[in-house]
1. Considering the dipole of the chain built from charges on the beta carbon (Lys and Arg +1, Asp and Glu -1) around the Cα centre, which of Met36, Ala9, Leu113 is farthest to its positive end?
2. Below 8 Å, C-alpha to C-alpha, sequence gap of six or more: please give me the relative contact order for the chain in percent.
3. Calculate the translational D of segment 1-86 in whole µm² s⁻¹ from Stokes-Einstein, where the hydrodynamic radius comes from the Kirkwood formula applied to all Cα pairs, the temperature is 4 °C and the viscosity 1.567 mPa s.
4. Counting only other residues whose beta carbon sits under 9 Å from that of Ala38, what net charge do I get with K and R as +1, D and E as -1?
5. Grab the Cα-Cα distance for Ser35 and Arg133, subtract it from 0.36 nm times how many residues apart they are, and report the gain in nm with one decimal.
6. Nearest 500 deg cm²/dmol is fine: what mean residue ellipticity at 222 nm does the chain get from its DSSP H runs of n ≥ 4 alone, each adding -39,500 (n - 2.57), divided by its residue count?
7. Multiply the residue gap between Gln162 and Thr75 by 0.36 nm, knock off their C-alpha separation, and tell me the result in nm, one decimal place.
8. Scattering from the C-alpha atoms of segment 101-152 alone, worked out with Debye: what is log10 I(q)/I(0) at q = 0.12, 0.20, 0.26 1/Å?
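The values are calculated or read from the model by the stated rules, or taken from the named source; none is laboratory data. It should be emphasised that the depicted structure is a prediction, and the values quoted were computed from it without experimental measurement. Backbone-built Cβ (ideal geometry, glycine too); neighbour counts: all protein chains shown. Calculation scope for accessible area: heavy atoms of the full protein, side chains included, ligands and nucleic acids excluded. Shrake-Rupley method; radii C 1.70, N 1.55, O 1.52, S 1.80 Å.
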Amino acid sequence: MGNREDLLAGARRCLEEKGYLRTTVRDIASASKVSMAAIGYHFGSREALLNLALFAAMDEWAAGSGRLAGQGDTTEERYADTWDRKIQDFGDMRWLWIANVEAFVHAQSSPELLAALAEGQRRSRRMVAAQLRGVPEDAVAEGDVRALGSVHIALLTGVMVQTLTDPEQAPSGRELAQGLRVMAELLER
């Protein structure tokens, strides 16, 4: 690998070990065995490098989260199984979700990061709506992007925070599916 790739790999290791807010330029240089000056040369800043490493990790996770691919016979069972896998990821990849929360907090004073996170949310809404509908992203209706995608992203964020805060009491995939079914029934009244 070259210095740029080494720095990205080092930044990811630092995100895993120290998180977004506590990682310093010195930490990244040490983890990547590259000079601190190389961070500025290749990325412009520590923040830009950490953002790229974080977004790459999120893209990897999103690519692996896929369609409703659970073991159940019904769509609801597959949806619940998919959620169980996501909830497991929240525990297995705790560093990624904590780094995301830290990046969100930091973004409140970083317009560039806030814009990048907002763009990521827009893409995620479309991707999730397409996955749930079982259609390509370019075929998903805008109404589904705004409604279905937004609700699912809100649910994902809320369940992630519950899992990070109190994993023993966080909902299961079955409980989420049941809760959505009950909510739909209540909305029909």
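1. Met36
2. Values: 186 pairs, mean separation 38.3, N = 189.
The normalised contact order for the chain reaches 20 percent.
3. Details: Rh = 14.4 Å.
Diffusion coefficient, whole number: 90 µm²/s.
4. After counting each charged neighbour, the total is 0.
5. On the way: separation 98, 0.36 × 98 = 35.28 nm, distance 4.74 nm.
Using 0.36 nm per residue and subtracting the Cα-Cα distance, I get 30.5 nm.
6. -24000 deg cm²/dmol
7. On the way: separation 87, 0.36 × 87 = 31.32 nm, distance 2.44 nm.
Result for the pair: 28.9 nm of gain on full extension.
8. So the normalised log intensities work out to -0.31, -0.66, -0.84.
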